[in-house]
Amino acid sequence: MRNTEEPSLQHSTNGDAEPNHHHDIEEDEEEEEEEEEEDDEYDEDDDVVQQPNRGIPQSASTKLREQRFKVETLSRRLSSELVPIRVHDVVINGNTKTKDWVIEAELRGVENATSMQELMQVSQIAIARLQELEIFDSCKVRLEAGPRELPNTANVIVDVVETGNKVSAKFNVYNKPSTSSWTAEGALKYKNFLGYGDLWDASLAYGANQGTEVSVGVHAPRVRGFLTPIVARLSMLSQDWQEASSYKDQLLGASLGLISTEHHDLAYTLGWRTLSDPSQMSSRSIRRQLGHGLVSSLKYTFKIDRRNSPIRPTKGYAFLSSTHVGGLTPDPRSLRFLRQEFDVRFAVPFGFYNTALNLGISAGAVFPWGHGFKTKPSPLPERFYLGGDFSPVCTLGGPTTLWGFKTRGLGPTEPRRVNRDGSDDDNVDSSGWDFIGGDLAVTAFADLSFDLPIRWLREHGIHGHVFAGSGNAAKLSQNEYRHFSPRKFLESFRMSVGCGFVIPTRLFRLEGNYFYILRKGEQDRGKTGFRFSFSAPW
């Protein structure tokens, strides 16, 4: 600016020198333009990369070096400062059947990103959510520059590939040595039938001396007008408890999930339950509840699990609270009860040999409600039955497991009758007892796990553990609460200790344990010895 103003001033004062001054001005301007172009080129090279002559074709190695330099430059910038950016548009490609709004719902948070770092983070979360739908073979998110007139903007491009095989099958077999039975489960799934990300499944489970369940259901994670996923299921469940409690339980019904989030779950169940005694040898308490009953219940579950692993937790905590209310219809055959459970878990790391101490305590209570509830019994299937060699480290759902005792192997009992014709109910068979369950139950355990000194075992997650467990159940309904003594309840706690090894897998943990019973009741079904067992987290 200074050089152009001085000649113009000279031109205004001396008109005879105008041609010479005009020639000088043009030369000066040309030199300044060349210098500015060179400066601009150097500035562009500093910001991006030094580019060779555009007219000369670049070799593959040169292009690779340029791309590598650009990536390194961007990486250094992302690690040193926040790169501002705004999302201009979200484009979805590849969905032929899945509705756009189903995918858009999983991309929540992408449009609100204000920096490149935040956009990359929410994009990774979105990919994980899309994969959890189980309806896509692949999901990719890429970024493209926004319109030129809108700087610092980007378009988010979502490329999905819908699964070609919409039908999948699954089959599992589990052995339960503690109850001398096994369970086989098979399931068929059909994916994305309506385009809502819905999963339809039909399953069949059979367990010797345990029961059979046939069910069909649907899970729709995203439906317009609903804030939570829709979960509905029709099922027929048949359980045989004649060995332990002299009755069979059959339930035909439907369940509907009303709320299903990360920590909250609310479900309604409507069904028809039938209790029968084919042997006609059941005890007095069980005979009084045989027949039909209407199940109309609402169950709310609050769950927090901050443990680092459900199979072998070494740090963290977990908490569960479950409230179950039955009898929500005016029908007199409706089973009216109130059931409450609490479960707390802690995992404390020791810092050597991957050693960790898992502690847990569970408690539950069930009561009948309605007119004259003090004299009424609680429903048999809703009572607490303790026992089973399933590891309490995996389970999270109230008091059930106690090492060394068979399933339904301890708690309140009643003698079975001798005569099948029912002519004399007072005659009993001293060798036959029914476990009738408890209205109050408490269990606690401690499990110390540690790595074994062999390297190959450590690499495959095989570890050892020593443990101790205790628990008890008592009857409170039918005015039995008047005779309840907390001191006697604690003094009659069953106790067991043991040690063994654990082979963890992705689905369950296989344990080989030696149990030693420290305290048990006269009619309890528990003994010292070595046994194998399977445990799966739920």
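The values are calculated or read from the model by the stated rules, or taken from the named source; none is laboratory data. This is a predicted model, so every value here is computed, not measured. Counting neighbours? That spans all protein chains shown, and the Cβs are built from the backbone with ideal geometry, glycine included. These accessible areas exclude ligands, DNA and RNA; they are computed on the full protein's heavy atoms, side chains included. Shrake-Rupley method; radii C 1.70, N 1.55, O 1.52, S 1.80 Å.
At-a-glance table
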read-out	value
Failed item, numbered, when ARG345 is tested on (1) touching a residue at least 60 places away in the same chain (Cβ under 8 Å); (2) of a type outside the set (Ser, Thr, Tyr); (3) crowded, with 19+ Cβ neighbours inside 10 Å	(1)
Residue count for region 166-181, restricted to those that are open to solvent by 80 Å² or more (accessible area, probe 1.4 Å), under 30 Å from PHE515 (Cα atoms) and at pLDDT 60 or above	1
Qualifying positions in region 104-127 - in contact with a strand residue (DSSP E or B) (Cβ under 9 Å, 6 or more places away or on another chain), part of a helix (DSSP H, G or I) and either open to solvent by 80 Å² or more (accessible area, probe 1.4 Å) or among the aliphatic types (A, V, I, L, M) (or both)	GLU104, MET116, LEU119, MET120, GLN124, ALA126, ILE127
Residue list for region 518-536, restricted to those being open to solvent by less than 50 Å² (accessible area, probe 1.4 Å), touching a Lys or Arg at 6+ places or on another chain (Cβ under 9 Å) and not hydrophobic (A, V, I, L, M, F, W, C)	GLY521, ASP524, GLY526, SER533, SER535
Among the candidates TYR300, TYR317, TYR353, residue that is at positive phi, among the aromatic types (Phe, Trp, Tyr) and open to solvent by 30 Å² or more (accessible area, probe 1.4 Å)	TYR353
Unique residue being among the hydrophobic types (A, V, I, L, M, F, W, C), within 24 Å of the chain's Cα centre (by Cα) and at pLDDT 95 or above when the list is ALA254, ALA220, ALA232	ALA254
Meets criteria (open to solvent by 100 Å² or more (accessible area, probe 1.4 Å) and at pLDDT 90 or above) for LYS488	yes
Whichever residue in region 262-283 is assigned to a strand (DSSP E or B) and open to solvent by less than 30 Å² (accessible area, probe 1.4 Å) and, among such residues, is farthest from ARG339 (Cα to Cα)	LEU275
Any chance ASP89 is modelled with pLDDT under 70 and either within 27 Å of GLN121 (Cα to Cα) or part of a helix (DSSP H, G or I) (or both)	no
Among (1) surrounded by 14 or more Cβ atoms within 10 Å (Cβ to Cβ); (2) on the phi > 0 side of the Ramachandran plot - the single one PHE515 does not satisfy	(2)
Failed condition for ILE103, given (1) closer than 21 Å to THR163 by Cβ; (2) more than 24 Å from the chain's Cα centre (by Cα); (3) of a type in the set (A, V, I, L, M)	(2)
Single residue of region 149-164 satisfying the filter (aliphatic (A, V, I, L, M), assigned to a strand (DSSP E or B) and more than 28 Å from PHE193 (Cβ to Cβ)) that is farthest from the chain's Cα centre (by Cα)	ALA154
Candidate set: region 482-511, residues that are more than 30 Å from the chain's Cα centre (by Cα) and of a type in the set (Lys, Arg); chosen: the one farthest from LEU452 (Cα to Cα)	ARG482
